[in-house]
Amino acid sequence: MTRTKISGAEILMRSLVAEGVKTLFGYPGGAIMPVFDALYDYSDRLHHILVRHEQGAVHAAEGFARVSGEVGVCLVTSGPGATNTVTGIADAMLDSTPIVVIAGQVGAQMLGSDAFQECDIVNVTQPISKWAYQIRSAEDITRAVSLAFHIARSGRPGPVVLDFTRNAQVETAEYVPKKVGFQRGYEAVPPTKPGSIEAAAEMINAAKKPLVLIGQGVELGEAQKEVRQLIEKADMPAGCTLLGLSALPTNHPLNMGMLGMHGSLASNVKTQECDLLIAIGMRFDDRITGKISTYARQAKKIHFDIDPSEINKNIAVDLAVLGDCKKTVSAVTALVKENNHQAWRDSFNEYKDKEQRLVIEPEVFPKEGPVKMGEVIERVATQSHEKAIVVTDVGQNQMLSARYSRFTEKRSIVTSGGMGTMGFGLPAAIGATFGRPDRTVCLFVGDGGLQMTIEELGTIMEQQCPVKVVLLNNNYLGNVRQWQELFFDRRYSFTHMLSPDYGKIAEAYRIPYTLVTEREQLDNAIAQMLSAKGPYLLEVAVMEEDNVLPMCCPGDDVDDMLLEIK
Amino acid sequence: MEDKTLYTLIIFSENVAGLLNQITSVFTRRQINIESLNVSASSIEGLHRYTITCFCDEATIHKMVGQIEKKIGVVRAQFFVSDDIFIQETALFKLSTQKMLEHREISKIIRIHSAKIVEVNPTYAIVTKGGMTEEILSLFHTLMQWDCVLQYVRSGAIAITKNKRELLDEYLAERKERYEA
Ligand SMILES: Cc1ncc(C[n+]2csc(CCOP(=O)(O)OP(=O)(O)O)c2C)c(N)n1
Ligand SMILES: [Mg+2]
C-alpha cells in the first residue's frame, strides 16, 4: 500500500489535531507562510487567533494553558517573530506552564548564513525552555511534535520550542503518526523512594504544630482534592503560594492565606513557629522565604515534588517525597492518623485579627478618601460570587488581587509569578477566555502593565473575547514607587506615568468603558461590567500613593512584616 | 578555595546537538569554572559520555548534578570525589631530537616517569604520558629544564568509577521497567 505524500506544513496540521489542539495563537510571516497556508484549510479544526504582537500570542497560550490544563500553542514566524516570544517562554519556564511555540525558520540549506530573518532561536531559548528543537525535514515532524507535546505537558510542565525550517514545511512526506515511547533522556515522573511515604506519615503524626505550604504543583498535578483530604484528616493549617492560591478554597477553615513577601501575617509568622513544614509542589522561591538562612530553622521539613532538582535547592529538607503529588499525597493521607490541632490552629487568630485591623480594614473597607485597589478587588470577588478566573498583571495590582480575591474553584488565578512579567495580564486573559469559555475572566491590571501590551485590545475587539478588564489606575508604576518610598528616600525616579485617555482608546476599539472615580459608583459599575456580554474596560482611579502591605522587606526574616508605614 | 573539593562528574547523554552547551551553561550560571572536560562516545550505542571536573562545595555539586540530569536528553549525571574513581589525563610532548641526543638524561627522565616515546624522526620525538595532573606536570617541568620541549598538550580528564560494574545499563533497564509499568 502506498500512502500519499503531503507537505510538511500539512503534516504539522495533522499532528496538531492528533495532539488534541483546537486553539492556537499566532502571527504570520515569511518563514512560516507555508504553515499558515495549510492552516487555511484546517480552520474548521484548528481555531487560530490572530494576535497583535507575538508576545501577546505566547502569553495568551500561557493563559489558555493555565486555566484549561491543556497545552497552549503559539505559531510565529522566524527572526523577530520568534524573538518576540522569548519573554513568554522564559515566563512559562519559571511558572511551569505547558506551551509549545512553533516558529518558522529559514531553509536548512541557508542555516548559519545570516539569511533574512534568520535567528538561532534554538540557542536563544535553550536556557529558558524545557526543550528546544529544530525540525529540518518533513519526515521528522510527527516524531518531533508528539515529543514536544509530551515534554511540555508531562512531569513538571514547561515551554517547548519547535524551530521549523522552511524546507521541512514545503517538502513532502507520508503522514505516519508517532507515539512517544520510552525516552532514555527524559523521565517525566521520578520514582518515589521506598519508605518515604511512611516516613512522611510518621513525621506528620508526630508533629504538634504542622504547617502545609501549597504550591502550583497541586494544581498542575490535579491534586487539589487529595491535599484537602490530607490537611483535613491531620487537621493541619495551610498557606498557599501566589500560584497555588486557588488550589485550596480561600474560605476553607484551614486556609491561612498567602505565603511570602505580601502574604498573610499569620502564615508567615507561623512559618517561624511550626515544628513541621510540609511543602507540596512549591519551590521555596525567595519571595516566599524571605531571608533564607533564618527560614523555618526550628521546623523539620518534608518536600513533595515532581522535580528532583528542586529538592534542597533553596531550602534543605529532612525528607523528600518525589513523584506525582496526586499519588504521593493520597498515599500519605492513608497512613496519617486523624488529628486535632485546635490550639495550634487557634494561635493563628491573633495574627489574623491584627492584620485585619491594621491592614485589611483600611485597604478594603475605607470609609473616606480615594478609592483603593483592595476594595475594587474585593467587590469584584463578591459580585462574581468568587467564581471568576482572576488574571493579573504585575505590580501592586497583582499583589492586591492575590490578597483580596477569593477562590472557590481550582485553576482560577493566572499571574506571572516567577518572572513578574509586566504586560502578561491582557494577553493571558485573552487566552483564558478561550481556555475556559464557560467562566468569567476578570483581569486586574495597572496603568503601566496595560500600556505594555495594550495592542491586544485589537485581538479582544476582533474576537470579542469577554475579558473584564479592571484597570487600577494610580498614575504610577506603583510597585516600584512603593520601593522608592521605602528604600530610596521617596526619590520617585521615573515612576510617575502619564496615561492616555483610556475612554477614547476603548471607544476606538469599540469596547464598552466606564470610569469610576468615586466609591459610590463602584458597585454599579462592577455589576454592569460583569453583566455585559462581551469585553469590558472598567477604569478605576485609585489612590495614587498607596502601598501594598503587609510586607516582608528584602533581607528580613519572613515573620518580620511591615504592617503600617508611618 | 576553602571547603571546595575537586569533583568529577560523569554524565551520559543522547548524542544530540546542543546538549554540551546546555550542560556547560549549568556551570556558567553559577560561575563555576570547568577545570577539564572530555566528551566522547560511550560503551552504549548512541550515548555520549562526559567527564567534567570542577572545584565547588558539596551543596553546589548536588544542585548542579540535579539541574544537569533534568535537561532533556541527559540520561544520567553523577558526581564523584577522587577516592571513588580512577582518573587519568593524557599528555603529548614534542621534543627536539637534537636536544635528546645532546642530553642522554632526557631519555632517562622519560623512562623514570613511565612515559612512552611513540615516534622519532631526525627533528623531533613524540612522547605520551598518561596519569594524574601532578604526574604530568612534574614530567613537563622536568623536561622544561632541558629546554627540549617543542610542543606540549594535556587532555581533559577521563574517569572510571571504582564500583564493580558499569551501572548505566542497569539504571536504564530499571527506568524502562518503570516506564512500562
Ligand atoms: C517587563 C517588566 N518591566 C519592568 C518591571 C518592573 N516592575 C515591576 S512592577 C512595576 C510597576 C507596575 O506598574 P503598574 O503596571 O502601573 O502597576 P501598579 O504597581 O501601579 O499596580 C514595574 C515597572 C517588570 N516587572 N516587568
Ligand atoms: Mg500603576
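Here are a few things to note about the model shown:
- When A:Arg297 is tested against (1) open to solvent by 10 Å² or more (accessible area, probe 1.4 Å); (2) away from every other protein chain (no Cβ under 14 Å); (3) of a type outside the set (A, V, I, L, M); (4) under 26 Å from the mean Cα position of the chain (by Cα), just one condition goes unmet, and that condition is (4).
- Of A:Gly158, A:Gly181, all but one fail to be crowded, with 20+ Cβ neighbours inside 10 Å and not charged (D, E, K, R); the exception is A:Gly158.
- For the stretch A:79-105, a residue qualifies if it is open to solvent by 10 Å² or more (accessible area, probe 1.4 Å) and aliphatic (A, V, I, L, M), and the qualifying residues are A:Val86, A:Ala90, A:Met93, A:Leu94.
- Test: residue in the stretch A:356-365 that is touching a residue at least 60 places away in the same chain (Cβ under 8 Å) and farther than 28 Å from A:Val67 by Cβ: yes
- Residues of the stretch B:1-23 satisfying the condition of being within 14 Å of chain A (Cβ to nearest Cβ), in a loop (DSSP other than H, G, I, E, B) and open to solvent by 70 Å² or more (accessible area, probe 1.4 Å): B:Asn15, B:Val16, B:Ala17
- Some residue of the stretch A:489-501 being more than 23 Å from A:Phe424 (Cα to Cα) and either among the β-branched types (Val, Ile, Thr) or out of contact with any helix residue (DSSP H, G or I) (no Cβ under 9 Å at 6 or more places or on another chain) (or both): yes
- Residue ID - farthest from A:Gly30 (Cα to Cα), chosen from residues in the stretch A:97-135 that are in contact with a Phe, Trp or Tyr (Cβ under 9 Å, 6 or more places away or on another chain) and within 11 Å of another protein chain (Cβ to nearest Cβ): A:Trp131
- Residue check, A:Ala247 touching a His at 6+ places or on another chain (Cβ under 8 Å) and touching a residue at least 40 places away in the same chain (Cβ under 8 Å): no
- In a residue-by-residue description of the stretch A:473-495, the property of being under 18 Å from A:Val542 (Cα atoms), more than 11 Å from ligand 2 (Cβ to nearest atom) and within 24 Å of the chain's Cα centre (by Cα) applies to no position.
- Scan the stretch B:24-48 for residues that are within 14 Å of chain A (Cβ to nearest Cβ) and either more than 17 Å from the chain's Cα centre (by Cα) or open to solvent by less than 40 Å² (accessible area, probe 1.4 Å) (or both) and the total you get is 12.
- Within the stretch A:367-379, being in a helix (DSSP H, G or I) and away from ligand 1 (no atom under 15 Å from the Cβ) holds for A:Glu378, A:Arg379.
- When A:Ser405, A:Ser347, A:Ser401 are checked against the criterion of being surrounded by 18 or more Cβ atoms within 10 Å (Cβ to Cβ) and more than 16 Å from ligand 2 (Cβ to nearest atom), A:Ser405 stands alone in meeting it.
- A search for C-beta distances below 6 Å between a residue of the stretch A:168-184 that is more than 14 Å from every other protein chain (Cβ to nearest Cβ) and charged (D, E, K, R) and any residue that is open to solvent by less than 70 Å² (accessible area, probe 1.4 Å) and outside any strand (DSSP E or B), counting only pairs 6+ apart in sequence or on different chains, returns A:Glu171/A:Gly8; A:Glu171/A:Ala138; A:Lys178/A:Thr142; A:Lys178/A:Ser146.
- Residue-level check: of (1) in contact with a helix residue (DSSP H, G or I) (Cβ under 9 Å, 6 or more places away or on another chain); (2) more than 14 Å from chain B (Cβ to nearest Cβ); (3) open to solvent by 40 Å² or more (accessible area, probe 1.4 Å), A:Glu187 misses just (2).
- Among (1) free of Cβ contacts under 8 Å to residues at least 12 places away in the same chain; (2) loosely packed, with under 15 Cβ neighbours inside 10 Å; (3) not hydroxyl-bearing (Ser, Thr, Tyr), the one test that A:Ile311 misses: (2)
- Restricting the first member to the stretch A:435-452 and to residues that are near ligand 1 (Cβ under 6 Å from one of its atoms), and the second to residues that are open to solvent by less than 30 Å² (accessible area, probe 1.4 Å) and among the acidic types (Asp, Glu), the beta-carbon pairs closer than 6 Å and six or more apart or on different chains are A:Gly446/A:Asp393; A:Gly449/A:Asp393.
- A:Asn205 surrounded by fewer than 21 Cβ atoms within 10 Å (Cβ to Cβ) and in a loop (DSSP other than H, G, I, E, B): no
- Among the residues listed as A:Thr495, A:Thr459, the single one being within 10 Å of ligand 1 (Cβ to nearest atom), of a type in the set (Ser, Thr, Tyr) and crowded, with 16+ Cβ neighbours inside 10 Å: A:Thr495
- Restricted to helices (runs of 4 or more DSSP H) entirely inside the stretch A:239-357, those with at least 3 residues that are among the charged types (D, E, K, R) are A:349-355.
- Selected residue (only one of B:Glu134, B:Glu177 is away from chain A (no Cβ under 14 Å) and in a helix (DSSP H, G or I)): B:Glu134
- Every residue from the stretch A:316-338 that is touching a strand residue (DSSP E or B) at 6+ places or on another chain (Cβ under 7 Å) and either hydroxyl-bearing (Ser, Thr, Tyr) or within 14 Å of chain B (Cβ to nearest Cβ) (or both): A:Val317, A:Ala320, A:Leu322, A:Thr328
- Within the stretch A:512-522, the set of residues being under 24 Å from A:Ala429 (Cβ atoms) and either in a helix (DSSP H, G or I) or touching a Gly at 6+ places or on another chain (Cβ under 8 Å) (or both) comprises A:Pro512, A:Tyr513, A:Leu515, A:Gln521, A:Leu522.
- Check on A:Val394, more than 14 Å from chain B (Cβ to nearest Cβ), within 16 Å of ligand 2 (Cβ to nearest atom) and not in a helix (DSSP H, G or I): yes
- Test: A:Phe488 is away from ligand 1 (no atom under 13 Å from the Cβ) and either closer than 28 Å to A:His48 by Cβ or of a type in the set (A, V, I, L, M, F, W, C) (or both): yes
The values are calculated or read from the model by the stated rules, or taken from the named source; none is laboratory data. All figures in this text were calculated on a predicted structure; none of them were measured in a lab. Here Cβ is always computed from backbone atoms with ideal geometry, including for glycine, and neighbour counts include all displayed protein chains. Note: accessible area is taken over every heavy atom of the protein model, side chains too, but ligands, DNA and RNA are not part of it. Shrake-Rupley method; radii C 1.70, N 1.55, O 1.52, S 1.80 Å.
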